[in-house]
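The values are calculated or read from the model by the stated rules, or taken from the named source; none is laboratory data. Nothing here was measured: the structure is a model prediction, and the numbers come from that model. Here the Cβ is made from the backbone with ideal geometry for all residues, glycine too, and neighbour counts use every protein chain on show.
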2 protein chains.
Amino acid sequence: MRDVAVVGVGITKFGEVWDNSLRDIYVEAALAAIDDAGVDHLDSMTVGCMTGGLFVGQEHLGSLLADYLGQKNLAASRVETACASGGLAFRNAFIEVASGMSDIVMAGGVEKMTDIGGDGATYALAAAADQEYEVFHGATFPGLYALMAVAHMEKYGTTRDMLSAVAVKNHNNGSMNPFAQYPFKITKETVENSVMVASPLRIMDCSPITDGAAAVILTTVDIAKKLGKPIIKVIGSGHATDMIALHSRDDITTLQATSVAAEKAFKMAGKTIKDIDFAEVHDCFTIAEIIVTESLGLFAPGKGGEAVLKGETSLEGAFPINTSGGLKSKGHPVGATGAAQIVEVVKQLRGEAENGRQLKNNPKVGMAQNMGGSGGSTLVHILEVD
Amino acid sequence: MRDVAVVGVGITKFGEVWDNSLRDIYVEAALAAIDDAGVDHLDSMTVGCMTGGLFVGQEHLGSLLADYLGQKNLAASRVETACASGGLAFRNAFIEVASGMSDIVMAGGVEKMTDIGGDGATYALAAAADQEYEVFHGATFPGLYALMAVAHMEKYGTTRDMLSAVAVKNHNNGSMNPFAQYPFKITKETVENSVMVASPLRIMDCSPITDGAAAVILTTVDIAKKLGKPIIKVIGSGHATDMIALHSRDDITTLQATSVAAEKAFKMAGKTIKDIDFAEVHDCFTIAEIIVTESLGLFAPGKGGEAVLKGETSLEGAFPINTSGGLKSKGHPVGATGAAQIVEVVKQLRGEAENGRQLKNNPKVGMAQNMGGSGGSTLVHILEVD
């Protein structure tokens, strides 16, 4: 397998977008990535999207987006694994370049979630759960993650304070991200006075409904050197699934797909969690970030909440998590999130993170953990400055 | 890149399935493929599905299907490029094995189309067209293919007789396929007396709404030799897109994505159309088969209809097309069709096609052409007996 590098990144301003449709926002992110990379063509393109069908009645995004990007006859496809679709697109592009099949591949992600309204969005997102055994009985994602939160609190003594600390930290980081949907700071009180969605999760524990797109360009390290861009190598890629429904799992206070995907990525990279400088992780709900950091092996089981409360994962902490603002503040256009995480990791590794959120410790190795459903699938990637 | 072979195939009986859901039919096909291959594990799995979201409210099929297949923690994903999703899954699995990332990969396809009813199915399928510029204005796929048929008739003198001959031929072949949805012969009169859908296309010019699944196992040629199965090598893979909307194309009497994808596959295989013994092609409508055979270079532009009328593509013809019965008789569970085509190509190359439809000329090289939408994307694969 050939060595692969990321040479270009692009992202749209996340939010509720009224003046552009799905195809428009994707093209905006894609052109930004192409411009950043300085490439003069693409060999292929793959885009992650969770459910263009349910959100906007549009599938077949490979053809549609290649067409609107002006890339006639391009080998273009769409991949999906719920909210980890962007991470899957990145992995497939990585394999395609590594294999020798293609030299320059764009991996992107897009979702247009706000056109359909609230009930429609809830139904569309529920398609990531087990339709027959969870959704038919009324379960939606806030409820499923609330079950995980209650179990984690019961087993480990995780507290309301710890959940709130995740939201406060991520909004602090997101306040410095010009592409974030909610780029403002909040306090503990903001979270704790917000409306209850599914106890113990309040609305400020939840990531928002978002329109947005992100794209990155992957190529061989040899081509990257000729482009004159900073070489950000993809050194590890891991992909794993878990039982789709919560009730089928042995333990809902951990995320097994995350542990297995991380193990695979570490093994490929020849690294351990101790070698990683920072990470973007999938904080679709505050409890998710806590459990993910434990499942990655960063903290012992039950210790993730305490760590965030102590500031260990803050911008100035020993292991910064979600410098972008995470899904909570940056926004969560589900199919785009995995690609947006890679955008942030690359910016941090290049020293290009905007508005004071650039890490000061000269990070060399970053990680992205992207999750689908209630953890039914996970992609983990490790990137390193060459 | 490593040499790749198909070592196992599985398919369900296509039709209107009331007693099994999407997950059940996929598992049935997958277990058949695993059993046929004789492998004791999978390294990963990718499944093509056009729109589980719109048909049955279920996305996240990587997690769901790995779970129901008993493959805990498997790297499992879903890919989509409308009705060519199964072909895309096959290509991605091919790249993954060729790259060295995985040794044993299952590529499958599934669609459960009959649960939603007729109007729902029409809306779901329309998601493969350009929602903003075609569907909003009332166009659906029979109408779009009817436009292509009218243009082809006007430009080349293609006749009603020629369209009917495609349906009659494919039903003849399908009558010998125990997995076909409509395994019976029809006459020219059956087609020409059937109800008009979108002039000139009658209902017997159209492929049906179908539930079904298919799966194939890919591995390296080295591993295949140890399994003791016939070695069916994947020697060419091509993928291309075209403008998604018909009105954006220079010429709607040809299918450019098919031509480009075929060129790529021929180049990789080091073959031309003259080296191919037979093909499964995407006859979603009778006119599609005619235009596809021309776009593949098998017949000159405008000569595809005459060829089928003369029997050149029949089971006994010089270049048999759709020995399985094609989408017309076998059925067209949209996400599964590309994988089902590979199943038929492998059966023919192994000499295992059932009930007298096995080609008598000892075929060595077969092709599968799988198309999305009105030709907005196409996958072409070439397989050869080692």
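Key figures for this structure:
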quantity	calculated
Unique match (being surrounded by fewer than 24 Cβ atoms within 10 Å (Cβ to Cβ) and without any contact (Cβ under 8 Å) to a residue 24 or more places away in the chain) among B:ASN362, B:ASN355	B:ASN362
Test: residue in the stretch A:129-144 that is of a type in the set (Phe, Trp, Tyr), in contact with a Leu (Cβ under 9 Å, 6 or more places away or on another chain) and either in a helix (DSSP H, G or I) or not assigned by TED's automatic domain parsing to the domain that holds A:VAL9 (or both)	yes
B:LYS360 vs. criteria out of contact with any Ser or Thr (no Cβ under 7 Å at 6 or more places or on another chain), of a type in the set (D, E, K, R) and not in a loop (DSSP other than H, G, I, E, B)	no
Test: residue in the stretch B:225-247 that is among the hydroxyl-bearing types (Ser, Thr, Tyr), within 14 Å of chain A (Cβ to nearest Cβ), within 25 Å of B:LEU147 (Cα to Cα) and touching a Leu at 6+ places or on another chain (Cβ under 7 Å)	yes
Qualifying residue in the stretch A:242-257 (condition: among the polar types (S, T, N, Q), crowded, with 19+ Cβ neighbours inside 10 Å and assigned to a strand (DSSP E or B))	no
Selected residue (criterion: surrounded by the fewest Cβ atoms within 10 Å (Cβ to Cβ)) from residues of the stretch A:1-58 that are more than 14 Å from chain B (Cβ to nearest Cβ) and at positive phi	A:GLY38
Within the stretch B:73-104, considering residues that are within 7 Å of chain A (Cβ to nearest Cβ) and charged (D, E, K, R), the one farthest from B:ALA213 (Cα to Cα)	B:GLU96
Criterion: surrounded by 24 or more Cβ atoms within 10 Å (Cβ to Cβ), at pLDDT 95 or above and small (Gly, Ala, Ser) - qualifying residue of A:ALA318, A:ALA339	A:ALA339
Test: A:GLY302 is in the same structural domain as A:VAL27 (by TED's automatic domain parsing), at positive phi and over 21 Å from the mean Cα position of the chain (by Cα)	no
Filtered residue count, the stretch A:59-70, keeping only those that are among the hydrophobic types (A, V, I, L, M, F, W, C) and either more than 7 Å from every other protein chain (Cβ to nearest Cβ) or in contact with a His (Cβ under 7 Å, 6 or more places away or on another chain) (or both)	3
Members of the stretch A:287-315 that are in a loop (DSSP other than H, G, I, E, B), under 19 Å from A:GLN341 (Cα atoms) and either of a type in the set (Lys, Arg) or in contact (Cβ under 8 Å) with a residue 40 or more places away in the chain (or both)	A:LEU296, A:THR313, A:SER314, A:LEU315
Whichever residue in the stretch B:77-91 is of a type outside the set (Lys, Arg) and either without any contact (Cβ under 8 Å) to a residue 40 or more places away in the chain or surrounded by fewer than 24 Cβ atoms within 10 Å (Cβ to Cβ) (or both) and, among such residues, is nearest to A:LEU65 (Cα to Cα)	B:VAL79
